[in-house]
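Contents: one structure, followed by commentary.
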């Protein structure tokens with residue numbers, strides 16, 4: 001498919017209606033008077049990164065929620081929805097005649113909005129006279145649309161401006177000039193990492209709200225909001241240091257982890273941070289960041305030792321440990337191996353114990369942490385009547401405590 005600038009777009013409002021998740025017409029919301037009183041959505045807490053952007057637009061009757069009082073900040077925005085937002089946010093005289101796109105019927109709910117967004121220069125179509133109204137709109141297209149619709153121009157070298165983004169190389173050529181201009185106008189809002197643009201990821205309602213708000217600021221229609229995620233308003237966030245003693249809640253996909261007190265070597269394990277870690281109203285460790293480390297048998301139990309944090313494109317040394325886990329599970333000769341191992345990840349020593357005691361080689365098909373040494377170790381358990389394994393619930397037992405401060409950029 002040919003590369004094409006699909007949106008000469010602009011800024012948007014969350015139109016007079018919040019858009020439904022289906023392809024049907026949007027659900028009309030409360031009256032204007034009711035909308036003026038609703039400044040807090042049930043799913044947008046005061047600490048949410050985009051709360052100020054969303055609330056300000058709602059108070060100005062620029063943005064709406066859903067009839068159930070929610071905003072659904074993580075829902076994706078379609079091109080048709082964005083066209084309606086553009087019309088609502090930026091009344092503008094036409095600069096060209098309207099276009100009748102082949103895939104936008106006369107009775108489609110957003111036909112008028114699409115035609116107006118096109119005629120005012122905020123949006124364009126794709127080759128073949130199509131608009132793709134139900135396609136989710138990428139972040140790059142939103143920014144290009146804002147920059148082109150509001151007629152932004154670059155003041156500085158495009159390459160120099162885009163150096164602020166560590167993923168600038170993923171910006172397609174048709175979008176570079178406009179995104180550079182949007183960056184200079186402080187339209188770009190990147191959460192959770194200021195220098196990561198994610199240009200090709202579909203934009204969420206919260207992200208589009210932030211972009212729209214910043215475009216309104218740039219045109220003098222609303223006051224600026226201080227946010228560490230606005231590119232150009234703030235320099236890169238200063239170093240934030242999580243103090244020793246900070247607790248990190250973790251998770252792992254396995255229901256259980258079984259290891260042997262006789263593991264031949266530490267068991268490698270990667271955990272995921274379960275929720276955002278916030279310091280001074282800034283997310284310093286986003287949820288789903290990886291913590292790389294290992295489980296080590298200690299006496300009659302085991303402990304997880306963290307080695308590295310992978311978060312927001314950074315790889316940082318991490319000195320953190322779990323408490324000692326002493327829960328055990330006894331495996332006896334002739335037991336059902338797959339029943340014991342169901343839903344579990346196994347250390348090589350645990351896999352060897354189960355295989356050796358039950359004689360069931362199929363246990364090697366279960367996830368074995370740390371490689372395939374289980375078969376070679378199984379003979380060590382042949383002739384035994386039982387073995388005691390350490391049983392770890394990764395979502396309950398592996399909360400970590402920082403042993404030393406962690407500095408995050």
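The values are calculated or read from the model by the stated rules, or taken from the named source; none is laboratory data. Quick caveat, the model's predicted, so the values are computed rather than measured. Cβ atoms come from the backbone with ideal geometry, glycine included; neighbour counts cover every protein chain shown.
One table, with the values for the structure above:
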{"item": "Residue count for region 250-273, restricted to those that are loosely packed, with under 15 Cβ neighbours inside 10 Å and assigned to a loop (DSSP other than H, G, I, E, B)", "result": "3"}
{"item": "Enumeration of residues in region 183-222 that are in contact (Cβ under 8 Å) with a residue 24 or more places away in the chain and more than 22 Å from the chain's Cα centre (by Cα)", "result": "184, 185, 215, 216, 217, 218, 219, 222"}
{"item": "Residue list for region 73-108, restricted to those being over 18 Å from residue 128 (Cα atoms), modelled with pLDDT of 95 or more and not in a loop (DSSP other than H, G, I, E, B)", "result": "76, 78"}
{"item": "One residue from 323, 356 being assigned to a loop (DSSP other than H, G, I, E, B) and either touching a strand residue (DSSP E or B) at 6+ places or on another chain (Cβ under 9 Å) or modelled with pLDDT of 90 or more (or both)", "result": "323"}
{"item": "Boolean, residue 244 is part of a loop (DSSP other than H, G, I, E, B) and under 21 Å from residue 406 (Cα atoms)", "result": "yes"}
{"item": "The listed residue being over 27 Å from residue 108 (Cβ atoms) and in contact with a helix residue (DSSP H, G or I) (Cβ under 9 Å, 6 or more places away or on another chain), out of 215, 209, 224", "result": "224"}
{"item": "Tabulated pairs, region 324-335, first without any contact (Cβ under 8 Å) to a residue 40 or more places away in the chain and at positive phi, second loosely packed, with under 14 Cβ neighbours inside 10 Å and part of a strand (DSSP E or B), C-beta under 6 angstrom, 6+ apart or interchain", "result": "none"}
{"item": "Unmet requirement for residue 112, which otherwise passes all of (1) modelled with pLDDT of 90 or more; (2) in a loop (DSSP other than H, G, I, E, B); (3) more than 19 Å from residue 215 (Cβ to Cβ)", "result": "(2)"}
